[in-house]
Amino acid sequence: MRKIIFAALLATAALASGEAMATQVNITAANPVIDLTITESVDTKPDIATFSTGVQTMAPTATEAVRANNVQMASVVARLKTLGIAERDIQTTQISLNQQFDYRDGQQIFKGYQASNMVTSKLRDLKKLGAFLDALAVDGATSFNGPTFSIDDDSAFRGAARDKVWATAMNRAQNLARKAGYNDVRVLRVEETDSQGGGYPRPMVMRAMDASEKSTPIAPGELSVGATLSFTFEMVK
């Protein structure tokens with residue numbers, strides 16, 4: 001006879017402050033048990049592209065570098081909004097100002113000041129992504145990183161992945177039980193482990209686009225949305 005003990009969080013009305021009470025749940029198994037951890041996934045097309053873009057400017061003085069950067073970056077942000085990026089999807093991620101030097105004959109020679117401003121944005125219409133990147137280059141963006149493709153709401157896909165996990169786990173546990181001389185299994189424990197899927201950003205260099213050139217080619221591909229569950233089954237007659 002095997003006794004299975006695991007911790008659970010018990011929320012009660014008395015703990016309205018957000019605290020939780022740990023409690024133990026004891027389950028006794030009269031027969032042998034099977035422990036399985038199963039991962040399954042479903043593939044789907046992404047619907048969001050996240051990227052960072054920015055402006056770097058050089059000037060003899062810090063004030064001039066920052067002023068020029070502000071003007072150029074304002075143009076880039078305005079273009080982001082014109083192309084359909086909502087204000088809530090634009091976030092400043094880095095602002096910097098640094099002295100720049102050249103080195104000649106072992107000596108450090110001051111070049112000026114470099115100002116940099118980076119924003120992260122989300123584009124929710126992937127059909128516009130190629131033309132979108134081209135327009136940013138024309139409007140003065142000097143750096144670009146991404147895109148990282150993702151899914152805005154993956155709950156339905158995670159549900160489908162969980163269904164696949166459950167079917168795989170039940171089938172495997174039943175097969176093992178029958179090999180051991182038992183007729184079926186019953187679930188004693190199910191525990192989910194977070195499993196994330198996504199794309200990876202690739203650095204790109206922005207350049208001015210001639211009107212005769214085609215838009216930047218973009219291939220979003222597909223993403224895997226996964227679920228991982230751990231089970232304890234009792235084999236039963």
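For segment 26-70, with every protein chain kept in place, what is the accessible area per residue (1.4 Å probe, Å²)?
Values: 2140 Å² over 45 residues.
Computed with neighbouring chains in place, this is 48 Å² per residue.
Using 0.36 nm per residue of separation minus the Cα-Cα distance, give me the extension gain between Ala167 and Val187 in nm, one decimal.
Working: separation 20, 0.36 × 20 = 7.20 nm, distance 1.26 nm.
Full extension of this stretch gives 5.9 nm more.
Roughly how many percent of the accessible protein surface of segment 88-132 is carbon and sulfur, given a 1.4 Å probe and a whole-percent answer? It would help to have the intermediate numbers written out before the result.
Working: 1250 of 3070 Å².
Its accessible area is 41 percent carbon and sulfur atoms.
Calculate the FRET efficiency for Asp153 and Ala68 from the Cβ-Cβ distance with a Förster distance of 41 Å, rounded to the nearest 0.05.
FRET efficiency, Asp153 to Ala68: 0.50.
If packing is taken as the mean number of other Cβ atoms within 10 Å per residue, what is the order of 114-123, 34-43, highest first? Could you put the intermediate results ahead of the total?
On the way: 114-123: 20.5, 34-43: 16.4.
Ranking, from highest mean packing down: 114-123, 34-43.
Multiply the residue separation of Ala78 and Ile95 by 0.36 nm, subtract the distance between their alpha-carbon atoms, and state the gained length in nm to one decimal. Don't jump to the answer; show the numbers that get you there.
On the way: separation 17, 0.36 × 17 = 6.12 nm, distance 1.77 nm.
The Ala78-Ile95 span can extend by a further 4.3 nm.
Once fully extended, how much extra length lies between Lys237 and Arg178, figured as 0.36 nm per residue of separation less the alpha-carbon to alpha-carbon distance?
Working: separation 59, 0.36 × 59 = 21.24 nm, distance 0.94 nm.
Taking Lys237 through Arg178 to full extension adds about 20.3 nm, to one decimal.
List every residue whose amide H lies under 5 Å from the amide H of Thr228, counting only residues 5 or more places away in sequence or on a different chain, with H placed 1.01 Å from N in the peptide plane.
Thr193, Ser195
The values are calculated or read from the model by the stated rules, or taken from the named source; none is laboratory data. All values reported here derive from a predicted model rather than from experimental measurement. Positions of Cβ are backbone-derived with ideal geometry, glycine not excepted, and every protein chain shown enters the neighbour counts. Please note that ligands, DNA and RNA were not included when accessible areas were found on the heavy atoms of the full protein model with its side chains. Shrake-Rupley method; radii C 1.70, N 1.55, O 1.52, S 1.80 Å.
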